[in-house]
Structure formats: C-alpha cells, structure tokens
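Reading through the structure tokens given below for one structure.
The values are calculated or read from the model by the stated rules, or taken from the named source; none is laboratory data. Keep in mind the model is a prediction, meaning the values are calculated, not measured. Neighbour counts run over all protein chains shown; Cβ positions are idealised from the backbone, glycine included.
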Amino acid sequence: MENPSNKKDLEKELAAKEAVKYIHAGMIVGLGTGSSAYYAIKEIANQVHAGLQIKALATSAHTASLALELGIPLIDFREVRSIDLSIDGADEFTADLQLIKGGGGALFREKIVASLSKMEIIIADSSKLVERLGAFTLPVEVVPLALNHVMDRIEVLSGKPSLRKKSGAPFLTDNGNYVLDADFGLIEDPQALADKLNNIEGLLVHGLFLNLASMVIMGKGDKVELFKK
C-alpha cells in the first residue's frame with residue numbers, strides 16, 4: 001500500500017521543481033517557509049551551485065538558516081523594495097487562488113514577501129486543494145499584550161481561537177508574537193472576514209492570503225496542474 005505522506009512529498013517536490021523553472025539570473029527571489037518551500041529551496045540551491053546568480057530573501061529564521069547552509073546568497077528585508085518572484089507553500093488553496101497560510105508560524109513575513117512580489121508562485125500537493133477555505137484553522141499573529149482583546153473579538157466574529165503552544169509554552173514567532181489558530185468553520189466570504197480581522201487592534205496579521213498569489217502549481221501523482229488568475 002502506498003505511503004500517503006510519501007505521495008505528498010513527491011507531489012511537493014514535483015511542484016517545486018516546476019516553480020523553480022520560472023527563476024532567471026539576476027532575480028531577487030522570495031523563499032517561503034514550510035515543507036513545500038523546503039523542496040523549492042533545495043532545487044534553487046542546486047541551480048545556484050550550477051551557476052545561477054540570484055539574491056534571495058527568507059520568510060523565516062529557519063528558512064534563512066537552510067538557505068545559507070545550502071549556499072544561497074541572502075539579502076536583508078531593509079535592502080528590498082520589490083521582489084521579482086517568490087515561491088511558497090499553502091495550508092489550503094482554492095481554484096481561484098484564495099489561500100490559508102501560516103501553519104508554520106511565519107505568516108507575517110510571508111505576507112510581506114507576497115505583497116512585495118511581482119510574481120508569487122504557490123506550490124502544493126493535491127491534498128491542499130479545497131472548494132472552500134476553513135477546514136484548516138486560520139492562523140492569526142497577535143501582539144502578546146493584546147491577546148485577550150483579540151481572542152474576544154474573534155469570538156464576536158463566531159470564531160473559536162486557540163493559543164498555539166510549543167512544549168507547553170506559547171509558540172513565539174520570529175517577531176516575538178503569539179499565534180492564535182482560529183476555527184471559523186468553512187468560510188463563506190473570505191474577503192469579508194479578512195476585512196473584519198484587519199480592523200482588530202493588536203492583530204498583526206492573519207493567514208487569509210487573498211489576491212496575492214499569481215499562480216498555484218500543484219503536484220498530482222506524477223504530473224503538475226497549474227491554477228492561474
């Protein structure tokens with residue numbers, strides 16, 4: 001019997017290799033965070049070792065460490081006003097390129113990179129395609145002193161927030177903030193929910209990535225499927 005996790009890994013790797021074909025010499029490239037982005041970073045490193053000259057921007061400390069270990073030259077956020085292309089994963093996506101991201105806790109920097117990117121390519125295995133977002137709980141990065149306020153406001157919006165923990169303590173992002181995983185059920189109107197979340201003071205960023213992806217490349221079996229705007 002086929003190992004499902006192995007199948008997912010193969011699909012992620014296939015999608016990653018396809019995405020890296022869009023990178024050209026001289027580009028500034030955004031590097032995502034997570035299991036799908038890992039395969040893209042590995043493939044980019046192979047291309048760099050073969051002579052491809054690029055500069056990269058990492059969406060997390062973990063990604064930065066991996067990129068440096070693999071020999072990918074990095075630049076600082078403060079040096080960048082625009083990014084030619086970024087490659088990242090998603091926790092869920094729909095055929096019209098609505099996403100939930102942030103399962104790895106890097107959603108703030110991921111959203112900045114996506115916003116700066118001329119082209120944002122999302123890579124995913126076939127399990128991430130959904131008809132409607134929301135089966136995956138929505139990550140929300142919160143300034144610690146506003147935790148209770150944000151939780152209360154999410155509950156007013158009919159969400160069920162849960163503080164993410166690691167080893168029994170609150171999970172801390174690279175920015176020193178907390179993450180709430182908010183269950184809204186299947187989300188009927190992602191844009192309306194995003195607008196309401198954007199108005200909550202102390203909520204730094206949420207994991208609804210709307211109108212940011214240029215393309216999703218999904219591995220399915222031994223092939224890839226493209227979803228475009």
* Out of curiosity, is Arg164 more than 26 Å from Ala40 (Cα to Cα) and touching a strand residue (DSSP E or B) at 6+ places or on another chain (Cβ under 7 Å)? -> yes
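Which of the strands (runs of 3 or more DSSP E) found entirely inside the stretch 65-171 contain at least 1 residues meeting this: among the acidic types (Asp, Glu) and in contact with a His (Cβ under 8 Å, 6 or more places away or on another chain)?
138-142
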* Inside the stretch 34-64, can you point out the residues that are of a type in the set (S, T, N, Q), assigned to a helix (DSSP H, G or I) and under 18 Å from the mean Cα position of the chain (by Cα)? -> Ser35, Ser36, Thr63
* Structure fact -> When every residue in the stretch 65-111 that is more than 23 Å from Ala25 (Cα to Cα) and among the β-branched types (Val, Ile, Thr) is compared, the one surrounded by the fewest Cβ atoms within 10 Å (Cβ to Cβ) is Thr94
* Give the residue that is farthest from the chain's Cα centre (by Cα), with candidates limited to residues of the stretch 180-206 that are part of a strand (DSSP E or B) and more than 11 Å from Val150 (Cβ to Cβ). => Asp183
* Asked: Out of the stretch 29-54, which residues are crowded, with 16+ Cβ neighbours inside 10 Å and of a type in the set (Ser, Thr, Tyr)?
  -> Thr33, Ser36, Tyr38, Tyr39
* With the condition kept exactly as written, say whether any residue in the stretch 15-27 is within 27 Å of Ala182 (Cα to Cα) and assigned to a loop (DSSP other than H, G, I, E, B). => no
* Would it be correct to say that Phe227 is in contact with a strand residue (DSSP E or B) (Cβ under 9 Å, 6 or more places away or on another chain) and either assigned to a strand (DSSP E or B) or among the charged types (D, E, K, R) (or both)? -> yes
* Taking only pairs six or more apart or across chains, which ones have beta-carbon atoms under 6 Å, a first residue in the stretch 127-143 that is within 15 Å of Gly159 (Cα to Cα), and a second residue that is among the acidic types (Asp, Glu) and part of a loop (DSSP other than H, G, I, E, B)? -> Phe136/Asp91
* Asked: What about Lys21, is it within 18 Å of the chain's Cα centre (by Cα) and at pLDDT 95 or above?
  -> no
* Asked: Does the stretch 128-170 hold any residues that are buried (at least 16 other Cβ atoms within 10 Å of the Cβ) and among the hydroxyl-bearing types (Ser, Thr, Tyr), and which are they?
  -> Thr137
* Asked: Looking at this structure, is Ala106 closer than 17 Å to Ser35 by Cα, within 17 Å of the chain's Cα centre (by Cα), at pLDDT 95 or above and among the aliphatic types (A, V, I, L, M)?
  -> yes
